[in-house]
Number of protein chains: 4
Amino acid sequence: MKPVKHIKIKKDMKVSELVENMGEMAFGARQISDASRVMGKMFSDKECKVFLGVAGAMVPGGMKQIIIDMLDETDVFVTTGANLTHDLIEALGENHYQGESNVDDSELNKKGLDRIYNVYMKNEVYEKLEDFFEKNWDKLKECKNIKQLLWKIGELCPETKENCILKKCFENKIPIFCPALADSGIGLMIWGRLAQGKKISIDAFDDMKEIIDFAWTSKKNGVIYIGGGVPKNFIQQALQFSKGANYGIQISTDRQEPGGSSGAQLKEGISWGKMKKDAEFVDVFCDATIALPLIYASLKK
Amino acid sequence: MKPVKHIKIKKDMKVSELVENMGEMAFGARQISDASRVMGKMFSDKECKVFLGVAGAMVPGGMKQIIIDMLDETDVFVTTGANLTHDLIEALGENHYQGESNVDDSELNKKGLDRIYNVYMKNEVYEKLEDFFEKNWDKLKECKNIKQLLWKIGELCPETKENCILKKCFENKIPIFCPALADSGIGLMIWGRLAQGKKISIDAFDDMKEIIDFAWTSKKNGVIYIGGGVPKNFIQQALQFSKGANYGIQISTDRQEPGGSSGAQLKEGISWGKMKKDAEFVDVFCDATIALPLIYASLKK
Amino acid sequence: MKPVKHIKIKKDMKVSELVENMGEMAFGARQISDASRVMGKMFSDKECKVFLGVAGAMVPGGMKQIIIDMLDETDVFVTTGANLTHDLIEALGENHYQGESNVDDSELNKKGLDRIYNVYMKNEVYEKLEDFFEKNWDKLKECKNIKQLLWKIGELCPETKENCILKKCFENKIPIFCPALADSGIGLMIWGRLAQGKKISIDAFDDMKEIIDFAWTSKKNGVIYIGGGVPKNFIQQALQFSKGANYGIQISTDRQEPGGSSGAQLKEGISWGKMKKDAEFVDVFCDATIALPLIYASLKK
Amino acid sequence: MKPVKHIKIKKDMKVSELVENMGEMAFGARQISDASRVMGKMFSDKECKVFLGVAGAMVPGGMKQIIIDMLDETDVFVTTGANLTHDLIEALGENHYQGESNVDDSELNKKGLDRIYNVYMKNEVYEKLEDFFEKNWDKLKECKNIKQLLWKIGELCPETKENCILKKCFENKIPIFCPALADSGIGLMIWGRLAQGKKISIDAFDDMKEIIDFAWTSKKNGVIYIGGGVPKNFIQQALQFSKGANYGIQISTDRQEPGGSSGAQLKEGISWGKMKKDAEFVDVFCDATIALPLIYASLKK
């Protein structure tokens, strides 16, 4: 048995040292360190395809850059329509703002500010979205499935791949899946055109082949779930067609007891065949805006 | 100020009495009672359209019947593909089973059992799903959007509307939306046919017009969110086109601090215009399999 | 394997029926039903000593009566100084009030209202406490340990045992332990007299013998933890001197990952010998003001 | 309004840089950065007395050293008997060990290992505690209150102040309060002597004067709560006799809805006068073994 060692904070400590020391502790600190180790292995294992699932308002929360950087190690990216909409909003020159959670929401409404916990967004961002879709409709309307549509938006959006998730996915040809895209601002833009009688025909199921093929054909798989929701579940579903993931990291604060997929522990996936029984995996109980920068920075040494 | 009164448990107490007494207490008990009151008003307000969003593994958890009954009061139903798949699985004669959460998942895997917290499902259920889709493909393949497909499955599935969500929605013409249907067992069945070269063309955005029209045209709106996820967010999105909901109930155990939509308090919706500033609404922090039977039973007197 | 059965809400349903039906479901509902079963067994097992630990602001929350009633089945009662202070405050004619959590606390402060989530208490209640201790000091100062002091307060307080925890414990000679009594309004009253130069000498450790003797000498033990904190831990500690509890119920919403005793699962106690390995026990993840009325009412049939 | 800036992870990043960048983000990351700023101010404000309350199994979790270091900035220290017992156990040469949470607890029991989430402790540590108390009883039995007893244990324990909380408090004359000391291994050692007929007389209320005097006489107060429990509440209680704290940090994962003190937001204290209305304070929703090393290390630059 390895004794717990007490972390000693030193002057000018590096994140990598901090996380290394956490590996000699217990409770959540050890989960952070375990996640760092598993992520390091997953990223350096040449045979391993990395599936990254990102739910939650990560772009409004200040995590866009870290996602862009992690895409360099990602083979399959699944996220929510909301994150992609917020990414596009920033690509079009708008911002998200630091706000407060304990606030009078009807005052915000009068000021035209939409609140996401302690973030505000101007409601007028939708005008820029409208302009973008109006201007680019002729190109967008040719797309046939959600991945094509998202890549096309990435191609057309006026931002570099260093600062934009959609552009990065397009330029680096990283497949991006988002089954519930209708449930987002981008979805609303499509609806708006449809309501004007314009035509587009995006198939709801066409992307499935590609993500399942990734799971099916890769020698090894690794999963990183930031939050749960559709991104986690859609990857889990594909993994049923693999031999089970070899590596897994989940960062979530949801409870497992009420039975939802977002709170389910990774080990549950072993019963389904989504996770190998001898896989290296860790459930991190922590806000992702704290845990992920810590884990990711610990690898950059 | 109203004094807190201490609940007195009596012999053979009815649920309605218990919840009424909870209304004189504090903390979570008062949330239950408030939710009972708001649900009662929402259901009896003739001008109010009720939007019911159900995420989480509610069908495996034993909540199918309560959802079927609540559909009598529901104008728009949004749920996950998983719930609908589990509903169809039961309609095809299969069961979910009471299990344990603290268990060896690799043993379950060997036995062909898939675990959902403390529920097990036989992996072989997929065979019946395959048969159903194989047998009914000619009719299903004609569908053009997700709502049509789900109603068609409801029409074809061999169960009565008293025991099946999909059948009930079909027979009572309750619109059922599920933007991420690809992310479910039903989605896998579609993928399976596509992979065999069969054709179907389901539009990913076509349903949006209908749900937004509901929000747009109704005099009043009420929302009930069981869990968060896409069901909550898709309703919230539609409500941006309404004058804001007049009534709201959310049952969730998610935290608001990490910023995700599932944990966001209903009051946040006021800033977005999704909730009226003087709406009657309550956030219930409780496992839905406890809270919803309690709240719903309190109204049946 | 037992199939999950879907709960069917009926008109005028009794709580006992609701909870019985929950036993055929899954997730949290099944925990409620399991707790009902375990509590029933624990209460009807003549050889079993029942240890009830109550943390959290249960008296302000409206749970005083249910605790008073449960004391009829309780052999050893451990709670916080806060709950006993709030019990005494009510015995002296004051109330707790229904309030709001989303409120301007500096406004409350100006109005002399102290907030406990969605409960308010007038700050002036302390005057009545002062009067009570001033008037009864000669009798109180004779006490030598915390249990004696609490029984004496119970004896002296102007309320019946039907409406007062302290009176009930005194009259029914139920041992009541509260190691951190200094950490409460009652503690402040003692401090106030000491600061005036008055004398009292209450031993901090004297009660330990009695609670450990209970654990040591009883044939069987059962534990009920409402919240965690000192009440849970003090009982757990005593149980190390038993053969381990035979029955256990814990109602808490705390997480286990950060390692605190309040969030620890009951099964952890098996390693320590606090719980028998074949004990019947259940962890209920639920607000106690919801779960306990439901569980307790289910037994009153 | 300040735009959210996206954190950019750089090679060999320092913790101070990481946390500084978190201050430009949102959600939990911003709470970490706010806590860093408030802690920095609290520690550098010469007029401010710092009250540090530590609940939860922080010593078993690997946080002993960080607490020892923070004591340099602490005027009043309140913790649980458990933390002090675990500190003494290590001072006597024993260890805590890295373990697993998902384990067969009856196997651990057979091996003589006590589990605290993912930490194990040998049950035989109690023998060393017995020896220590046996050997030093003549000196310990002279103590009259809990603080004296804890300082005396610190004086006698065979470890340096660089490695032992109790020794550090004794040598640096940092008042250490622990109202529920009976509820701990140290309490059990006292009980053991009392059961043998040995005498000691520790007053349960005597320490109150000193902590309240601190709150009463200081110009400014700052509070740091690691977890809740008695440590938080005992400080909060004392602060009612101050002008309200000027600075506050709380690190906890408990929910506020069930009404317990441990989950209560700091802002609630404004109504009670425990916190100034214009105080600088932040509630951090995070496992303390992750958050505190991060926050504390960010100040060491």
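Per-residue answers, yes or no, for (1) in contact (Cβ under 8 Å) with a residue 60 or more places away in the chain; (2) in contact with a Gly (Cβ under 9 Å, 6 or more places away or on another chain):
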position	(1), (2)
A:Asp12	no, no
A:Lys41	yes, yes
A:Glu47	yes, no
A:Val50	yes, yes
A:Ala55	yes, yes
A:Ile67	yes, no
A:Asn83	yes, yes
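Any idea how many residues of region C:234-285 are polar (S, T, N, Q) and under 21 Å from C:Met63 (Cα atoms)?
Of the residues in region C:234-285, 4 are polar (S, T, N, Q) and under 21 Å from C:Met63 (Cα atoms).
Please enumerate the residues belonging to region D:209-220 that are in contact (Cβ under 8 Å) with a residue 12 or more places away in the chain and either of a type in the set (Val, Ile, Thr) or touching a helix residue (DSSP H, G or I) at 6+ places or on another chain (Cβ under 6 Å) (or both).
Those that are in contact (Cβ under 8 Å) with a residue 12 or more places away in the chain and either of a type in the set (Val, Ile, Thr) or touching a helix residue (DSSP H, G or I) at 6+ places or on another chain (Cβ under 6 Å) (or both): D:Ile211, D:Ile212, D:Ala215.
Do you know which residues across region D:156-215 are under 23 Å from D:Gln237 (Cα atoms), facing chain C (nearest Cβ under 7 Å) and among the aromatic types (Phe, Trp, Tyr)?
Matches in region D:156-215: D:Phe205 only.
Hey, does region D:216-225 have a residue that's within 13 Å of chain C (Cβ to nearest Cβ), in a helix (DSSP H, G or I) and surrounded by fewer than 24 Cβ atoms within 10 Å (Cβ to Cβ)?
Step one: list which residues in region D:216-225 are within 13 Å of chain C (Cβ to nearest Cβ), which gives D:216, D:225.
Remaining after also requiring in a helix (DSSP H, G or I): D:216.
Still in the list and also surrounded by fewer than 24 Cβ atoms within 10 Å (Cβ to Cβ): D:216.
Yes, that holds for at least one residue.
Could you list, in sequence order, all residues of region D:24-60 that are surrounded by 20 or more Cβ atoms within 10 Å (Cβ to Cβ), farther than 16 Å from A:Ile295 by Cβ and among the small types (Gly, Ala, Ser)?
Listed by number, the residues that qualify are D:Ala26, D:Ser33, D:Ala35, D:Ser36, D:Gly53, D:Ala55, D:Gly56, D:Ala57.
Does B:Gly93 satisfy the condition of being more than 7 Å from every other protein chain (Cβ to nearest Cβ), touching a residue at least 24 places away in the same chain (Cβ under 8 Å) and over 22 Å from C:Lys8 (Cα atoms)?
Considered against the rule, which asks whether it is more than 7 Å from every other protein chain (Cβ to nearest Cβ), touching a residue at least 24 places away in the same chain (Cβ under 8 Å) and over 22 Å from C:Lys8 (Cα atoms), B:Gly93 comes out as no.
Of (1) touching a strand residue (DSSP E or B) at 6+ places or on another chain (Cβ under 6 Å); (2) more than 12 Å from chain C (Cβ to nearest Cβ); (3) surrounded by 21 or more Cβ atoms within 10 Å (Cβ to Cβ); (4) not in a loop (DSSP other than H, G, I, E, B), B:Val230 satisfies all except one. Which?
(1)
Among what's in region C:11-31 and is at the interface with chain B (Cβ under 7 Å from one of its Cβ atoms) and part of a loop (DSSP other than H, G, I, E, B), pick the residue that is nearest to B:Cys286 (Cα to Cα).
Checked region C:11-31; the qualifying residue nearest to B:Cys286 (Cα to Cα) is C:Ala26.
Among the residues of region D:173-215, write down those that are assigned to a loop (DSSP other than H, G, I, E, B) and acidic (Asp, Glu).
D:Asp183, D:Asp206, D:Asp207
If we keep just the residues of region A:85-117 that are farther than 20 Å from B:Gly260 by Cα and of a type outside the set (Lys, Arg), which is surrounded by the most Cβ atoms within 10 Å (Cβ to Cβ)?
A:Ala91
May I ask you to list the residues in region D:266-280 that are facing another protein chain (nearest Cβ under 7 Å) and surrounded by 24 or more Cβ atoms within 10 Å (Cβ to Cβ)?
Once the filter is applied, which keeps residues that are facing another protein chain (nearest Cβ under 7 Å) and surrounded by 24 or more Cβ atoms within 10 Å (Cβ to Cβ), region D:266-280 yields D:Ile270, D:Ser271.
Quickly run through region A:95-134 and pick out the residues that are over 22 Å from A:Gly192 (Cβ atoms) and among the charged types (D, E, K, R).
Of everything in region A:95-134, those that are over 22 Å from A:Gly192 (Cβ atoms) and among the charged types (D, E, K, R) turn out to be A:Glu100, A:Asp104, A:Asp105, A:Glu107, A:Lys110, A:Lys111, A:Arg115.
Out of all the residues in region C:64-81, is one or more among the aromatic types (Phe, Trp, Tyr), crowded, with 24+ Cβ neighbours inside 10 Å and more than 23 Å from the chain's Cα centre (by Cα)?
Among the residues of region C:64-81, not one is among the aromatic types (Phe, Trp, Tyr), crowded, with 24+ Cβ neighbours inside 10 Å and more than 23 Å from the chain's Cα centre (by Cα), which makes the answer no.
Please verify whether C:Asp283 is acidic (Asp, Glu), touching a residue at least 60 places away in the same chain (Cβ under 8 Å) and within 14 Å of chain B (Cβ to nearest Cβ), treating the condition exactly as stated. Quick ask: steps written out before the conclusion?
Values: acidic (Asp, Glu): yes; touching a residue at least 60 places away in the same chain (Cβ under 8 Å): yes; within 14 Å of chain B (Cβ to nearest Cβ): yes.
Yes, satisfied.
Collect the residues in region D:150-178 that are crowded, with 24+ Cβ neighbours inside 10 Å and without any contact (Cβ under 8 Å) to a residue 60 or more places away in the chain, keeping them in residue-number order.
D:Gly154
Looking at C:Asp131, C:Asp138 in this structure, which one is in a helix (DSSP H, G or I), more than 9 Å from chain D (Cβ to nearest Cβ) and over 26 Å from C:Asn95 (Cβ atoms)? Give the derivation first.
On the way: C:Asp131 fails: over 26 Å from C:Asn95 (Cβ atoms).
None of the other options fit; the residue is C:Asp138.
Give just the number: which of (1) more than 19 Å from D:Leu188 (Cα to Cα); (2) at the interface with another protein chain (Cβ under 9 Å from one of its Cβ atoms) does C:Ile249 not satisfy?
(2)
Cβ-Cβ under 6 Å, sequence separation 6+ or interchain: first residue in region D:14-36 and within 20 Å of A:Lys300 (Cα to Cα) and modelled with pLDDT of 95 or more, partner acidic (Asp, Glu) and surrounded by fewer than 22 Cβ atoms within 10 Å (Cβ to Cβ). Which pairs?
D:Lys14/A:Asp12
Cβ contacts < 7 Å: first residue among the basic types (Lys, Arg), restricted to region D:226-252; second residue outside any helix (DSSP H, G or I), any location; separation 6+ or different chain. Result?
Hits for this filter: D:Lys232/D:Gly53; D:Lys232/D:Ala55; D:Lys232/D:Tyr225; D:Lys243/D:Lys276.
The values are calculated or read from the model by the stated rules, or taken from the named source; none is laboratory data. Everything quoted here is computed from the prediction, not taken from an experiment. Glycine gets a Cβ as well: all are built from the backbone with ideal geometry, and neighbour counts include every protein chain shown.
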